[in-house]
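Chemist: This is the structure I want to talk about, given as structure tokens.
Taken together, the values in this text are just the output of simple stated rules run on the coordinates, not laboratory data. None of these values were measured; they are calculated from a predicted model. Here Cβ is always computed from backbone atoms with ideal geometry, including for glycine, and neighbour counts include all displayed protein chains.
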Amino acid sequence: MNGPEEWDHHDPEDPLGPDVPPGRDTGGADRPDGRPRIPSPRSAAEDDGPLPDAPPAAPQSPADGTDTPANGTDTPANAVDTTTDGTGEPGPVPGPPPHRVLKSLLGAWALAACSAEETAAVEEHLTDCAACADEALRLREAVGLLRPAAPLDLDPLLRSRVLEGCLGRRPARIPVPDWAAPYDAEAAKLDALLSDMGEAEWRAPVRLRWFEGDRPAERRTTVAGVLGHLMAVDGLVATALGLGDPLGAAAPPAPAGPTARTEACWQAVTGERAPFATRSPWRDQSHTLIRTVSFAGRGVAELAVPYGDFRLPLRDSFLDRAFECWVHAGDIADAVDYPYEPPAPGHLGLLVDLAARLLPGVLAARRRAGLASPPRRLVAAGAPGRTLHLEIEGCGGGHWYIALDSPAALGTPDRTVAHIALDSFEFCQLAAGHVPPEEAVAGQHGEPEAIREVLFATASLSRL
């Protein structure tokens, strides 16, 4: 243990030591026995903040006797300091990225996916590295071959173009007749639309619209119901060709008219099978119809197909089925919110021509039903009468002269009393009953009565 004499040692930093200025209150620094007070513990320097930086080391002379700059470094005193970030703290020494890093960025650079700093570094590197410059050029050429993202849906005309290209090289041994080609194409398009549908979409509500007399009509069904309707009416063509009737086993004897056959089909299949089960028999029937008329030859084109109240030649019946297939495929596409393209221009022209050729007969039927005014004067069979000039614009368009007073007469330009101009798509929508005659966007000139009767007759071409 230390002796009493050690307490006489004075700490120079003790404010209460013997060096206290005279007159200062020591607060009882000295004990009664005369010995100095033991000072209380002082706080550490770290408790008040970080310790100050250590002073820089004194410069040392090199062993070879050369002078060392006054700043303690190997660089002159007036050199720019690149080892700090401007705040006095040491910072990284800037420099270009290594070759391997820049080479790995070439793909992103070619796709313009680099940042501004990376782009500048890569482009600076390409001026010095021939190997990377060649690789960058190849990558840029490869990027030029890339195309923007395209929809997954195939072009509806792809099938026609492929077949046309194949037939151009080697004609088909059994070609499809020209008048059956639109039905073949529209059935294939509808089948492609149905291929990706789930059961919920097959049950989606579909609104079928047509014109009865002077009033629009409407019926609601499902996607499966629309396909059953197409199959039932296609059965009229099948029976005319001697093929099996899809309604023969379900409801013998099968009804004769399209509407009655549709009702019979809907009653027969209700609740008996899954909705999508209708697709396979419908598609098999359409394939069979195309194959049969292709093998039958040209003579079958004039074979009569009964539609209940009227008849159509087989060639016109196939065009009628193509038209209805397209219209109802559009109804299905609207129900499932899917885009659908119109027929190819060549096919659309055949459908427009069919509707124009049927107008005189429809006008005569409306007169018999009291829905149209009588002819202005009696016209003998084959004699000329009044004519309406029907001009269809756009794809598949043309000029037709519609006989107004007799279905047996031929319209002639010199007896034209009225002129109607319609877009081809608008005309087809009017013929499908999807556009009221009063709302048809048409250029009109001439007798208002003749124009009105032709527009209403066009809408009367539609049916369930």
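Chemist: Across every pair of different alpha-carbon atoms, what Kirkwood hydrodynamic radius in Å does the range 344-464 reach?
Modeler: Answer for the range 344-464: a Kirkwood hydrodynamic radius of 14.2 Å.
Chemist: Give me the distance in nm between label points sitting 7 Å out from Cα along the Cα-to-Cβ direction at residue 145 and residue 217, one decimal.
Modeler: 5.9
Chemist: Moving to a separate point now. Over the range 406-464, what per residue volume does the convex hull of the Cα atoms give, in whole Å³?
Modeler: 97
Chemist: Now for a separate question. ³J(HN,Hα) across the range 313-323 via Karplus (A = 6.51, B = -1.76, C = 1.60, θ = phi - 60°), whole Hz, x for Gly/Pro?
Modeler: x, 4, 4, 6, 5, 5, 5, 4, 5, 5, 4
Chemist: Right, here's the next one. Over 5 Å intervals from 0, what percent of Cα-Cα pairs in the range 99-144 sits in each interval?
Modeler: 5, 26, 38, 24, 7, 0
Chemist: Further, regarding this structure: For a quick check: sort 310, 276, 211 by the number of other beta carbons within 10 angstrom, fewest at the front.
Modeler: Ordered by Cβ neighbours within 10 Å, fewest first: 310, 276, 211.
Chemist: For the range 398-407, what does the Karplus curve 6.51 cos²θ - 1.76 cosθ + 1.60, with θ = phi - 60°, yield as ³J(HN,Hα) per residue in whole Hz, taken in order and with x for Gly and Pro?
Modeler: Running phi through 6.51 cos²θ - 1.76 cosθ + 1.60 with θ = phi - 60° gives x, 10, 10, 10, 8, 6, 9, 9, 7, x Hz.
Chemist: Okay, next question. Can you give me the distance in nm between label points at residue 158 and residue 417, each placed 7 Å from the Cα along the Cα-to-Cβ direction?
Modeler: Distance between the two pseudo-spin positions: 5.3 nm.
Chemist: When the Karplus curve 6.51 cos²θ - 1.76 cosθ + 1.60 is applied with θ = phi - 60°, which whole-Hz ³J(HN,Hα) does each residue of the range 121-131 get, with x for Gly and Pro?
Modeler: Whole-Hz 3J(HN,Hα) from phi for the range 121-131: 5, 5, 5, 5, 5, 5, 6, 10, 10, 5, 5.
Chemist: I'd like the distance between the alpha-carbon centres of the range 182-242 and the range 278-304, rounded to an integer number of Å.
Modeler: Going from one Cα centre to the other spans 17 Å.
Chemist: Could you calculate the contour length gain from residue 129 to residue 200, that is, 0.36 nm times the residue separation minus the distance between their Cα atoms, to one decimal place in nm?
Modeler: 19.5 nm
Chemist: Can I ask one more? Over the Cα atoms of the range 176-341, what radius of gyration and what Dmax do you get, in Å?
Modeler: Over the range 176-341's Cα set, Rg and Dmax evaluate to 15.3, 45 Å.
Chemist: Amide H to amide H, which residues 5 or more places from residue 303 or on other chains are under 5 Å from it, using H placed in the peptide plane?
Modeler: 314, 315
Chemist: Extension gain residue 311-residue 101, at 0.36 nm per residue separation less the Cα-Cα distance, in nm?
Modeler: Here the segment from residue 311 to residue 101 would lengthen by 67.7 nm.
Chemist: Okay, next question. What FRET efficiency do you get for residue 137 and residue 111 if R0 is 22 Å and r is their Cβ-Cβ distance, rounded to the nearest 0.05?
Modeler: 0.95
Chemist: Taking the radius of gyration and the Kirkwood hydrodynamic radius from Cα positions alone, what is the Rg/Rh ratio for the range 259-407, to two decimal places?
Modeler: Result for the range 259-407 is an Rg/Rh of 1.02.
Chemist: Sticking with this one: Explain nothing, just the number: relative contact order of the range 176-341, from Cα pairs under 8 Å at least 6 residues apart, as a whole percent.
Modeler: 34
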